Amino acid sequence: METRERADAARNRAKVLSAAAELFAAGDPRSVTMEDIARAAGIGRGTLYRRYPDVASVAAALLDAHEHRLQEELLRGAPPLGPGAPPGERLTAFFAAMVDLLDTHGHLVLGAETGARRFTVGAYGFWRAHVLALLREAADPDPEALADSLLAALAPEVFLHQRALGVSPDRLKAALSRLAGAALAG
């Protein structure tokens, strides 16, 4: 039997996510604390910790819907992002979609997927499985060794660093398209 969320818990969750979204967008998400979120949401720390064990969990909750939409497009969307296009075109489309996701929600990705934590979130596992499938389809001789290297170009710290240097999303997409072509050239 499915447990329904209590009305007060739903209100608190909405307050937390709204407050956290503002805090993450206002500055460096790595500097946001649970105390900051509780204070901005107007709830006690205990209430916050009952639902979210840490700041990264709050950021992941905010990011989840955006990542889920992209995952659906990869699985069931139109080519080249979805099935039906050659692996190189799909990898290029995936890179472009990730640049768009990072450009819009990079502050959340940075809050949820910094450092080694990046490898433990479900979305990274999905992205890795997608890239591995494309590499295998392209008959890459060692897809396991290459997948994480390709995904490293999409690390939130790298993306935000490049944006701070003035590299536009279009330039990043073009560079990643060249990377995809080189990786799958065989």
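Every number in this text was worked out from the coordinates using simple rules, so none of it is lab data. Please read these numbers as outputs of a predicted model, since none were measured by experiment. Neighbour counts run over all protein chains shown; Cβ positions are idealised from the backbone, glycine included.
Observations on the structure shown:
- The loop-placed trypsin sites (Lys or Arg not before Pro) in the stretch 5-50, going by DSSP, that have at most 10 neighbouring Cβ atoms within 10 Å of their Cβ come out as ARG6.
- Put a plus charge on the Cβ of each Lys and Arg, a minus charge on the Cβ of each Asp and Glu, and nothing anywhere else: the dipole of the stretch 55-183 about its Cα centre is then about 160 debye.
- Against the main long axis of the alpha-carbon atoms of the chain, helix 122-137 sits at an angle near 10°.
- From the coordinates shown, volume of the Cα convex hull per residue in Å³ corresponds to which of (i) 118; (ii) 101; (iii) 133: (iii)
- Using a simple spin-label model with pseudo-atoms 7 Å out from Cα toward Cβ, GLU137 and LEU165 lie 3.1 nm apart.
- Note on HIS66 and ARG11: the model spin-label points, each 7 Å out from Cα along the C-beta direction, lie 2.9 nm apart.
- In degrees, nearest ten, helix 7-26 long axis to first principal axis of the chain (Cα): 60 degrees
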